[in-house]
Amino acid sequence: MSSPDHLPFALSALLTPLFTIILPIFGLIFAGYVCRKFNKLGSTAALELNKFVVYLALPALLFNIMAKTPWSSLDQPAFIAAFGIGSAVVFGVTLIVRLMQSRHLADASIDRLNAAYPNTGFVGLPLCLLAFGKDRVSRPPLSRRS
């Protein structure tokens, strides 16, 4: 059993990465909320920022990572299978649940796409880059769907 003297150090070692990796992400979200709430960026700012991220920043980030990743590290059939099966299960379960809730097929289809589509590009990939570094991130780009 560890002594109480080591508890602050252990807690600090656990919380420091959490705050240094996640706090900036939520800080940006909060800054965006405040800017929109006080109308500092205009009514089309969210649309324009989203276009920048989707069409320029994220593809450049993914290209940079994939260009430096050896082919041997991309051959991960277990990861691809787990990702694909997990997405398919969420896709199917969401459709069944939404149809049981008397949703129209078109609405249930949109809901299942939203449920099965992971946010690896916008949040997951940047968090992985911060947490693990560029040399350790090769699998998340495989899960990014355009």
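Values quoted throughout were computed directly from the atomic coordinates according to the rules given, and no laboratory measurement underlies them. Computed from a predicted structure; not experimentally measured. Backbone-built Cβ (ideal geometry, glycine too); neighbour counts: all protein chains shown.
Determine, from the Cβ-Cβ distance of residue 33 and residue 54 and an R0 of 22 Å, the FRET efficiency 1/(1 + (r/R0)^6), rounded to the nearest 0.05. Numbers along the way, then the final one.
Numbers: r = 20 Å, r/R0 = 0.91.
With R0 = 22 Å, the Cβ-Cβ based efficiency is 0.65.
If each residue's Cβ is checked for other Cβ atoms within 10 Å, how do 61, 15 rank with the fewest at the top?
Values: 61 17, 15 10.
Listed from fewest to most nearby Cβ atoms, that is 15, 61.
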### Task
Kindly write out, for the range 101-112 in residue order, the coupling ³J(HN,Hα) from the Karplus curve 6.51 cos²θ - 1.76 cosθ + 1.60 (θ = phi - 60°), rounded to whole Hz, with x marking Gly and Pro.
8, 6, 7, 5, 4, 5, 5, 5, 5, 5, 4, 5
